[in-house]
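The values are calculated or read from the model by the stated rules, or taken from the named source; none is laboratory data. Quantities reported herein were computed from a predicted structural model and do not represent experimental measurements. FYI the Cβ positions are ideal-geometry reconstructions off the backbone, even for glycines, and counts take in every protein chain you see. All accessible areas refer to the heavy atoms of the entire protein, side chains included, with ligands and DNA or RNA removed. Shrake-Rupley method; radii C 1.70, N 1.55, O 1.52, S 1.80 Å.
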Amino acid sequence: MEEPIISVLKETRVFPPSKEFSGKARISSMRQYRELYRKSVEQPEQFWAEQAEQLHWFRKWDSVLRDDQGFFKWFEGGRLNVAYNCLDRHVEAGKGNSIALIWEQENGQATTFTYAKLLEEVSRMANVLKGNGIGKGDRVCIYLPMIPELPISMLACARIGAVHSVIFAGFSSDAVRDRVQDSDAKMVITSDGGFRNGAIVPLKDIVDKAVKECRTVEKVLVVKRCANRVVMKKGRDSWLHDQLSSVRSDGCPAESLHSEDSLFILYTSGTTGKPKGVLHTQAGYLLYASLTFTHVFDIREKDIYWCTADIGWITGHSYTVYGPLANAAAVVMYEGGPSYPRPDRFWKIIEKHKVSVFYTAPTALRALMKQGDDWPDKCNLKSLRLLGTVGEPINPEAWMWYYTVIGRKHCPVVDTWWQTETGGIMITPLPGATPLKPGSATLPFFGIVPGIVKEDGSRAKENEGGYLVIRKPWPGMLRTVWKNPERYKHTYFEQFGVYLTGDSARCDRDGYFWIMGRTDDVIKVAGHRLGTAEVESHLVSHPTVAEAAIVPILDVVKGQALYAFVILKKGNKPSDRLRQDIITHVAEHMGKIARPEKLQFADDLPKTRSGKIMRRILKAIAEGAKDLGNTTTLADPSVVEKLAKGRIA
Ligand code: WTA
């Protein structure tokens, strides 16, 4: 079991919701929350069937939930279309002129899309996909920066039943290759480049490198964004604008899809070098993203909502695209760097677009907090009424800063705990009801039954740390790991028979959950989920590296950073230059986010007699701990002393 990342054991103040906020909220008291929660877990099928009425169905379901030998099926027999639910039905209800998307470019220009306009763009894009031979069930990888073509491509796939797999544009060629290969994608959608902090990231070049080794890719569609020079391969590559100009924007009916047809794959890190393709399907995912969005952000007619996450991660999927659009909300999407050109960019965007609901990550808050209060103080943030965080534990200091300086003590802060696999928010305050405790994600959402268990499977006591599990299925849960159902069963259900989250947590006397950190080899660097094994595989692909191990170290802004131990192949000498070269190699092949913060050359790594690397000891060494714990099971205990001496402080 990992130690808590941030000490949360000290009891903190409780912040009950203001009368003003509760008065207007959907769920306005703890009594109301508890009643509905009880119903949702005691009669789940009835509860979810009632909620599912909010969606538009071409055909209603026959059964709400079925357990098919550990693979859960929701709303079987039902037929619907996710894009229709996010666009057409709002236009048909007279909301065609309402704002769907406000796109803020890095250069400060902004473009607005109404629901009618977005529907038109999505239909046209869907016709381009069809014209390129993409049909139901085909996989399309989307490797785009934060530009409107990204959600438009996702919705176009959803419209025709193609399965999208968005790859975060911060990943590099090998990471892209691995994800495209595993999904057997027929098409990749990318752009010539993307703007980041005033510079151009050459995305098309990265795709060219990656796709060389992907045999299934027939077509590459390229968005012209930066007008940087790119090489177009004849027969495979085409400019999106050329294709769009030759197809109709209407006449693309939304396919009637089965509830359990695949909607998207999103790769995420786990314990092995190969990232796993988390599969989400149509109805359950959409319902869960939509319902959580409504309640957690207590969304209202006039809200302008902004989630700062990149759409390449699950937060962007569920809470920039599907959840908000299913609710006909107005969504801000920002293209560039958070501090570009100055550290007040976030606050300027809030002021400019009058953002009322703001959802971001603790790492961003800590980075901005470091810049001082002057930046936000000089902006008009009066439009804000609700704040949210996601991605990692928020330390009470950052929470208080968010609450006081950004929210001026009248915006509730919803600390939302969830995962790529869960599809939507699982543990969270409801802003009109839940008294807040800084640092705690508080209580379960409707239908969610979390628990804390100990190694032997027994229930942990109050405030006792243990494995966080979810005891009942919920509509937004992953359905399987793409092409690897065994891995799904093994990773999530083998240990305790109920869904294993991979997090450790404790539950206090009020039933509030406090997330402590991961129990596996996943590290959250600046909110990005990385697997140690994937990073290690990119270290050992460097020609001089024989063996490598990655462990997390604390970082005041990023939460966690990577510390690498590297053993060189015979004939190579450690040097600062080589160290830099290896670090650059990881950045070039996997992405800058995976770059080790520190790299220590080693002659040997602490291993058990059966040859297993003892990461617990490496972590203690990296952190400079005085007590390295029990080292008696090591094959060669002298290794540890040497490593501790060579630690990079
Ligand atoms: C962590 C992101 C504490 C956790 C939506 C989880 C959090 C992992 C919180 C999933 C939170 C997410 N408090 N920890 N509010 N939210 N986490 O798949 O370790 O990128 O298992 O999904 O992030 O990361 P993922």
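Accessible surface area normalised per residue over the chain is 39 Å², counting heavy atoms of protein chains with a 1.4 Å rolling probe. Which pairs, out of K524/K619; K619/K642; K212/K524, put more than 20 Å between their alpha-carbon atoms? Correct reply: K212/K524.
Placing a pseudo-label 7 Å from each Cα along the Cα-to-Cβ vector at N132 and E301 gives an inter-label distance of 4.1 nm. Under the shape rule built on the C-alpha gyration tensor, where the axes satisfy a ≥ b ≥ c, the stretch 185-271 is oblate, since a/c reaches at least 1.5 while a/b does not exceed b/c.
Taking all Cα pairs closer than 8 Å and separated by 6 or more residues, the relative contact order of the stretch 522-645 comes to 22 percent.
From most to least packed by mean Cβ count within 10 Å, the peptides 118-125, 457-464 give 118-125, 457-464. The distance separating the Cα centre of the stretch 117-176 from that of the stretch 571-647 comes to 40 Å. Placing +1 on each Lys and Arg Cβ and -1 on each Asp and Glu Cβ, with no other charges, gives the stretch 171-300 a dipole about its Cα centre of roughly 560 debye.
Under the classification rounded if a/c is under 1.5, otherwise prolate if a/b is larger than b/c and oblate if not, where does the stretch 256-329 fall, given a ≥ b ≥ c as square roots of the Cα gyration tensor eigenvalues? The shape class here is oblate. Averaging 1/r over each pair of different alpha-carbon atoms in the stretch 295-436 and inverting the result gives 15.1 Å, the Kirkwood hydrodynamic radius. By DSSP, the beta bridges lying fully in the chain are antiparallel in about 60 percent of cases.
Based solely on its DSSP helices, what 222 nm [θ] is calculated for the chain when runs of n ≥ 4 H residues each add -39,500 (n - 2.57) and the sum is averaged over all residues, nearest 500 deg cm²/dmol?
Numbers: 19 runs with 179 residues, N = 649.
The helix contribution divided over the chain gives -8000 deg cm²/dmol.
How big is the equivalent ellipsoid of the chain along its three axes, where each semi-axis is √(5λ) from the Cα gyration tensor, reported in whole Å from largest to smallest? Walk me through the intermediate numbers first.
On the way: eigenvalues 260, 195, 128 Å².
Its equivalent ellipsoid spans semi-axes of 36, 31, 25 Å.
Computed log10 I(q)/I(0) for the stretch 109-263 at 0.18, 0.19 Å⁻¹: -1.09, -1.21, from the Debye equation with unit scatterers placed on every C-alpha and solvent omitted.
Quantify, in whole percent, the carbon and sulfur part of the accessible surface of the chain (1.4 Å probe; protein heavy atoms only).
Values: 12620 of 25380 Å².
It is 50 percent, rounded to a whole number.
If DNA, RNA and ligands are ignored and the probe is 1.4 Å, what is the ranking of D68, D581 by accessible area, most exposed first?
D581, D68
Of all lysines in the structure, the ones whose alpha carbon falls short of 23 Å from that of K73, not counting any fewer than 8 places away in one chain, are K39, K60, K136, K276, K472, K483, K489. Of the residues T428, W418, I406, the one whose Cα sits farthest toward the positive end of the charge dipole of the stretch 372-432, with +1 on the Cβ of Lys and Arg and -1 on the Cβ of Asp and Glu, is I406. Measuring nothing but how far apart in sequence close Cα pairs (under 8 Å, 6+ apart) lie, relative to its length, the chain scores a relative contact order of 14 percent.
Partner lysines whose Cα lies under 21 Å from the Cα of K95, excluding those fewer than 8 positions away in the same chain, are identified as K117, K302, K354.
Given an 8 Å cut-off on Cα distances and at least 6 residues of separation, report the relative contact order of the stretch 109-263 as a percent. Please report the intermediate quantities before stating the final value.
Working: 264 pairs, mean separation 42.1, N = 155.
After rounding, I find 27 percent.
Dipole check for the chain: with +1 at the C-beta of Lys and Arg, -1 at the C-beta of Asp and Glu, and the Cα centre as origin, the magnitude is about 600 Debye.
Amide H to amide H, with H built 1.01 Å from N, V545 comes under 5 Å of K569, counting only residues 5 or more places away or on other chains.
So, by mean Cβ neighbours within 10 angstrom, what's the order for 631-638, 353-360 with the highest one leading? Please list the in-between numbers first.
On the way: 631-638: 12.9, 353-360: 22.5.
Top of the packing list down: 353-360, 631-638.
Stokes-Einstein D for the stretch 522-645 at 4 °C, 1.567 mPa s, Kirkwood Rh over Cα pairs, in µm²/s?
Working: Rh = 14.8 Å.
In µm²/s, the coefficient is 88.
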